[in-house]
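This report concerns only the one structure given below.
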Amino acid sequence: MTRKFPQYLTQPFQVLWFEPDDLAIMTASFILAQQFGGWLWLTMIIVPWAYSRFKRQYPRGFLRHALYFLGLAPMKGYPQFFDKDFLE
């Protein structure tokens, strides 16, 4: 399977006008709303909106780097966080 690589590093993959981290937040809030219902249906609107406002303060890709720093998401092709020596 081949994926289209963005021409510039500042152009991440997008679906419509949403980036992958926005879609993950929206999907998670949708799943919670389906499972528990009630007032959680408002989270489908409030949580993605709040996340997009929060995200504007940081450069693109900060969520992936934060998850990597916390040890929750690996980054392929990069050295581990605690590696002191790196040879290319």
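Here are the numbers for this structure:
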quantity: Any chance MET26 is open to solvent by less than 50 Å² (accessible area, probe 1.4 Å) and either part of a loop (DSSP other than H, G, I, E, B) or at pLDDT 85 or above (or both); calculated: no
quantity: Residue match in the stretch 48-70 (condition: small (Gly, Ala, Ser), modelled with pLDDT of 80 or more and at positive phi); calculated: no
quantity: Total residues in the stretch 52-67, condition in a helix (DSSP H, G or I) and either touching a Ser or Thr at 6+ places or on another chain (Cβ under 9 Å) or open to solvent by 80 Å² or more (accessible area, probe 1.4 Å) (or both); calculated: 4
quantity: Some residue of the stretch 71-78 being surrounded by 12 or more Cβ atoms within 10 Å (Cβ to Cβ), at pLDDT 85 or above and on the phi < 0 side of the Ramachandran plot; calculated: no
quantity: Test: GLN35 is at pLDDT 85 or above, exposed (fewer than 10 other Cβ atoms within 10 Å of the Cβ) and of a type in the set (S, T, N, Q); calculated: yes
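The values are calculated or read from the model by the stated rules, or taken from the named source; none is laboratory data. Please read these numbers as outputs of a predicted model, since none were measured by experiment. Ideal geometry is used to build each Cβ from the backbone, glycine not excepted, and the neighbour counts take in all protein chains shown. When the accessible area is computed, the model is the full protein with side chains, heavy atoms only, and any ligands, DNA or RNA have been set aside. Shrake-Rupley method; radii C 1.70, N 1.55, O 1.52, S 1.80 Å.
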